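I have placed the structure first, in the form of structure tokens, so that the comments after it can refer back to it.
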Amino acid sequence: MKAAVFRSHNRDPNKVVKIEEIDVPKINPNEVLIKVEAASYNYDDLWAIWGEPIKVPMPHISGTDIAGTVAEVGENVTSLKVGDRVVSHANLSCRVCALCTSGREYDCEKRLVWGFQTGPLWGGYCQYTHLPEVNVAKIDDNMSFEDAAAISMVGMTSWHMLVGRANIKPGQTVLVMGGTSGVGIVGIQIAKLYNCNVIATAGNKEKMDKCLELGADNVVNHREENWYKEVRKMTNKKGVDVIFEHIGKSVFPQEVSLLKMGGTLVSTGSTSGYDSTIDLRYLFFKGITLMGATQGTKAELEEVLYWTSKGKLKPLINVVLPFSDMVKGHTMMANGEQIGKTITTPQKL
């Protein structure tokens, strides 16, 4: 089968990621073999290629979001059959520890992100891959493989942030940072699904307009020095109830200042840097809550798939690349060129 493999780290994906011919994987009794029809790019692809912030098993196949059909089932698999249309749940956890059995599989000490920390040669950018039965979710016939791959990881993460962690309520004001990022696109839509007032941010006019198309009520440019003052004006100086955060250092202190009394900031990333500072007076005088989130549960993934199948959540796809040109997606992501998710199709060279 064809697979996108790299055997060394480099800042330039074009120098290391190559389409190679490798063996179709053999499955364990609790696994399924999946014919990969669509795979979605994530920023952890770049981290793996760069070897930062962690090294990954070599040789490496990246790719954490895939959709396709079940081609083979292990002898112990009971809930899936050959021909089922499925999507990956990339959170590999032990499923037996206290954290997993309490519903916090994303906090499992043995957790690995499939397609990022796994290997050698175990990820989604290939024509066939394998996953444990418990890490596979079915998708409806009315959902395309491209849409399923585009929304699976970012949708689950966004749902976990807003619903699972921040516990959003109708009528609240939610500030979605980076509204045209993978998570931001779904974050806007989830907040509107819950009948919240949404203020989104983006880095240029094209992206700001796209936030409004996605359903945001207002939008500001977070690259402008006084962006947070504009947000404050939009709320009549009352502030916001919930902040959906993943940008990090460049905006974090200002975000904290925008929270209402008892407001909540939930963070899942720090693309502009992690070593931020805050004014602690906001923390104790306002009684605010600062919380982190990473990935989510399979149940949260299935919530996202349900609402997507009903047309209430819609992935935004930037471009679908043939597998022979798939490394172009890494370059586009590194340069911040896309609005929405980039997809590759391993069966189409």
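For the residues Val242, Val219, the requirement of being in contact with a strand residue (DSSP E or B) (Cβ under 7 Å, 6 or more places away or on another chain), without any contact (Cβ under 8 Å) to a residue 60 or more places away in the chain, at negative phi and not in a loop (DSSP other than H, G, I, E, B) singles out Val219.
Where helices (runs of 4 or more DSSP H) sit wholly within region 267-348, those with at least 3 residues that are within 14 Å of the chain's Cα centre (by Cα) occupy 298-309. Does Thr342 qualify as being touching a Ser or Thr at 6+ places or on another chain (Cβ under 9 Å), among the β-branched types (Val, Ile, Thr), under 23 Å from Pro53 (Cβ atoms) and modelled with pLDDT of 90 or more? Yes, satisfied.
Conditions (1) in contact (Cβ under 8 Å) with a residue 24 or more places away in the chain; (2) crowded, with 17+ Cβ neighbours inside 10 Å; (3) farther than 20 Å from Leu301 by Cα; (4) not assigned by TED's automatic domain parsing to the domain that holds Ile19, marked per residue:
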{"residue": "Ala48", "(1), (2), (3), (4)": "yes, yes, yes, no"}
{"residue": "Val56", "(1), (2), (3), (4)": "yes, yes, yes, no"}
{"residue": "Asn76", "(1), (2), (3), (4)": "yes, no, yes, no"}
{"residue": "Val82", "(1), (2), (3), (4)": "no, no, yes, no"}
{"residue": "Arg95", "(1), (2), (3), (4)": "yes, no, no, no"}
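Looking across Glu31, Glu105, one residue alone is in contact with a Ser or Thr (Cβ under 8 Å, 6 or more places away or on another chain) and either at pLDDT below 95 or surrounded by 17 or more Cβ atoms within 10 Å (Cβ to Cβ) (or both). It is Glu105. Residue under question is Glu213, and the condition is that it be more than 26 Å from Trp47 (Cβ to Cβ) and not β-branched (Val, Ile, Thr); does it hold? The answer is yes for Glu213. Does Thr264 satisfy the condition of being in contact with a helix residue (DSSP H, G or I) (Cβ under 6 Å, 6 or more places away or on another chain), polar (S, T, N, Q) and not in a loop (DSSP other than H, G, I, E, B)? Considered against the rule, which asks whether it is in contact with a helix residue (DSSP H, G or I) (Cβ under 6 Å, 6 or more places away or on another chain), polar (S, T, N, Q) and not in a loop (DSSP other than H, G, I, E, B), Thr264 comes out as no.
Quick check: anything in region 51-58 over 22 Å from Ile343 (Cβ atoms), over 21 Å from the mean Cα position of the chain (by Cα) and not basic (Lys, Arg)? Yes.
The values are calculated or read from the model by the stated rules, or taken from the named source; none is laboratory data. Because the structure is predicted, anything quoted here is derived from the model rather than measured. Don't worry about glycine lacking a Cβ; one is built from the backbone with ideal geometry, like all the others, and counts go over all protein chains shown.
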